[in-house]
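Novice: First the structure, which I've put down as structure tokens, then a few questions once you've had a look.
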Amino acid sequence: MKIATILGTRPEIIKMAPIIDEISRRDIDQIVLHTGQHYDEEMSDAFFRDLDIRTPDYNIHVGSGTHGKQTGLMMKGIEEILLDEKPDIVLVQGDTNAVLAAAMVASKLHIAIGHVEAGLRSFDMTMPEEVNRRVADVCSAMYFIPTIDSAINLLAEGYSRKNLIITGNTVVDACFRHLDIAKKRGIEEESLRELNIDEMDNILTLTMHRAENVDVKERVTDIIEALKELDDMNIIFPIHPRTKNTLEKFDLFDELNNLDHVHIIKPLGYLDFLQLTSASTLILTDSGGLQEEAITLSVPALTLRYNTERPETVTAGGNILVGSDKEAIVFNARKIIDDNEFADKMKNAVNPYGQGNSAKLTVDAIEDYYARGLLNIVAPEDIMTSFTRNMKNMDENISVEEFERKENSLVHMVFDGENMVFPTDDLNLNGMMISYDKRK
Ligand code: UD1
Ligand code: UDP
């Protein structure tokens, strides 16, 4: 079996690292293909080093550009490599343009796609990431899903339960594996070392790069106004290159940088960043990965967004959405800083993203699919005369698997009262309302 991993940005490298490592450990043939979307040393190479994983076999060097140009160049480059390498499965992660490009190319080449971190939905189609993740899900054969909530999103969109594999999120693997390594190594980046965070109280780690925040002057201005009021915090801001560019364009960089309590530094490598986040009182961010890491590290998070495709972090109690609303940012930050009981409740939120064994579960499932021939994408040969979608109120003790065998069907959605539940093979359907597909 040959596995091709396609990635292009900082969070993809971090979240695919545990899987690349697991594939190497099992001696499975693999290639790693970098689109080159992120190319600065501190946005790309630093992570291969810090996470100690196989460096890319290919780099397409697409660089920065508009969505259309970037995605088009990626598609061209990825197609050439896949035609040559002929992997059995292509793995993509998350919701970046690499995911969109790779999913469209591989599906048309009839190469199976495994979408890592599938099923997330912000329900906000103005976000490029929402478009990317939805298209990737349409094209995929295997779905590696962080939580049951995300699996239910896919069921509600009509995906077969058989290909939904709940693994947790590999960010937990990365976090758990590297925190000790980071602490033993110590801080490498000089700008962070100079801040002497071991001796510092009230650290607020800030990251933002989301287009809908940093490309909109009013929103960044509101966020900066909130930061000004939090002047008893030590705000450490490893700045994303996109954000640096737009703050400079809006003439806001110096205003922020001149605040005594705000420390703008270069983007950090993973080991340095883990030391910073784990020492923080509070994380203020619009990052996807950081919402997950915050709850993994038991650090309260305020998310600078109006919606999130990670609602589990909010319902668990570890994350609060504050948008770019100055009042909401300051009010919630003050509560975390001043009210220990409130902060402790947030810290004690249960991490919904698994135990740190996502990479193992992912590669186990890939090996199983390969052994069962399920990675061969071939045109159907059975003549299908009818396809119906049915509903039924169940009043007998029967498991999902038994029902499917008896009715020659596939159980799709299951409602226990008002709640949708995930139809595992052994779930007893008695008393539930189900929908199921029947093919003849
Ligand atoms: C991309 C992803 C986003 C992800 C983020 C992770 C898409 C659509 N967006 O956003 O989902 O959350 O990565 O960080 O795929 N730049 C540099 N050096 C670099 C990379 C970028 O200077 O190494 C600058 C360029 O000016 C570029 C801008 O940052 O135009 C934005 O980069 P881009 O890759 O287009 O989007 P991100 O905001 O990084
Ligand atoms: N991160 C990092 N150094 C930094 C900022 C972030 O290592 O200076 C890591 C962070 O730990 C998380 C990931 O980058 O794992 C998040 O990436 P980003 O916020 O760029 O993208 P998103 O997750 O929003 O797609």
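Quick note: the coordinates plus some simple rules give every number you see, no bench work behind them. Here the structure is a predicted model, which is why all the values come from computation and not from measurement. Neighbour counts run over all protein chains shown; Cβ positions are idealised from the backbone, glycine included.
Novice: Could you work out how far helix 128-139 tilts from the main Cα principal axis of the chain, as a 0 to 90 degree angle to the nearest 10?
Specialist: Taking the Cα atoms of the chain, the angle to 128-139 is about 20 degrees.
Novice: Another question, if that's okay. Calculate one ³J(HN,Hα) per residue across region 189-196 by plugging θ = phi - 60° into the Karplus curve 6.51 cos²θ - 1.76 cosθ + 1.60, and present them in order as whole Hz with x for glycine and proline.
Specialist: Running phi through 6.51 cos²θ - 1.76 cosθ + 1.60 with θ = phi - 60° gives 5, 4, 4, 7, 4, 4, 6, 6 Hz.
Novice: Sort 221, 303 so that the residue with the fewest other Cβ atoms within 10 Å of its own Cβ comes first and the one with the most comes last.
Specialist: Values: 221 15, 303 25.
Placing the least packed residue first, the sequence is 221, 303.
Novice: Continuing with this model, one more query. On a full-extension model of 0.36 nm per residue, what is the gain between residue 335 and residue 156, subtracting their alpha-carbon distance, rounded to one decimal in nm? Write down the numbers at each step before the final one.
Specialist: Working: separation 179, 0.36 × 179 = 64.44 nm, distance 3.69 nm.
Stretched out fully, the residue 335 to residue 156 stretch lengthens by 60.8 nm.
Novice: With everything on Cα atoms, drop me the angle between helix 358-371 and the longest principal axis of the chain, reported from 0 to 90° to the nearest 10.
Specialist: With rounding to tens, the tilt is 30 degrees.
Novice: What is region 1-150 by shape, rounded, prolate or oblate, if you read a ≥ b ≥ c off the alpha carbon gyration tensor as root eigenvalues and call it rounded for a/c under 1.5, prolate for a/b larger than b/c, and oblate otherwise?
Specialist: Details: a/c = 1.21, a/b = 1.13, b/c = 1.07.
Here region 1-150 falls in the rounded category.
Novice: For region 247-255, just list the computed ³J(HN,Hα) in residue order, Karplus coefficients 6.51, -1.76 and 1.60, θ = phi - 60°, integers in Hz, with x standing in for Gly and Pro.
Specialist: Here the 3J(HN,Hα) series is 4, 5, 4, 7, 6, 10, 4, 5, 4 Hz.
Novice: Quick one: 143, 369, fewest Cβ neighbours within 10 Å first, how do they rank? Show your work: numbers first, answer last.
Specialist: Working: 143 25, 369 21.
With the sparsest Cβ surroundings first, the list reads 369, 143.
Novice: Continuing with this model, one more query. Please compute the modelled spin-label separation between residue 55 and residue 258, points set 7 Å along Cα→Cβ, answer in nm with one decimal.
Specialist: Between residue 258 and residue 55, the label points sit 4.3 nm apart.
Novice: Please determine, in degrees from 0 to 90 and to the nearest 10, the orientation of helix 170-185 with respect to the longest principal axis defined by the Cα atoms of the chain, where the helix direction is its Cα long axis.
Specialist: On a 0 to 90 degree scale, this one is about 40.
Novice: Reachable lysines from residue 392, Cα under 18 Å, same-chain residues fewer than 8 places away excluded?
Specialist: Cross-link targets: 406, 438.
Novice: Given 15/108; 249/326; 249/345, which pairs have Cα atoms separated by over 28 Å? Could the numbers behind the result be given before it?
Specialist: Working: 15/108 26 Å; 249/326 22 Å; 249/345 40 Å.
Exceeds cut-off: 249/345.
Novice: While we're here: Would you mind checking which residues have amide H under 5 Å from residue 324's amide H? H placed 1.01 Å from N; only 5 or more apart, or other chain.
Specialist: none
Novice: Using the Cα centre of region 154-299 as origin and beta-carbon charges of +1 (Lys, Arg) and -1 (Asp, Glu), tell me which of 203, 191, 268 is placed farthest towards the positive end of the dipole.
Specialist: 268
Novice: Through the Karplus equation 6.51 cos²θ - 1.76 cosθ + 1.60, θ set to phi - 60°, convert the phi angles of region 269-280 into ³J(HN,Hα) values in whole Hz; use x for Gly and Pro.
Specialist: Each residue of region 269-280 in turn: x, 5, 5, 5, 5, 4, 5, 5, 5, 6, 8, 8 Hz.
Novice: Got a sec? How would 253, 331 order by Cβ neighbour count within 10 Å, fewest to most? Walk me through the numbers before you get to the answer.
Specialist: Details: 253 17, 331 14.
The most exposed by this proxy come first: 331, 253.
Novice: Can you grab the distance from the C-alpha centre of region 189-211 to the C-alpha centre of region 8-46, Å, no decimals?
Specialist: With region 189-211 and region 8-46 each reduced to a Cα centre, they are spaced 25 Å.
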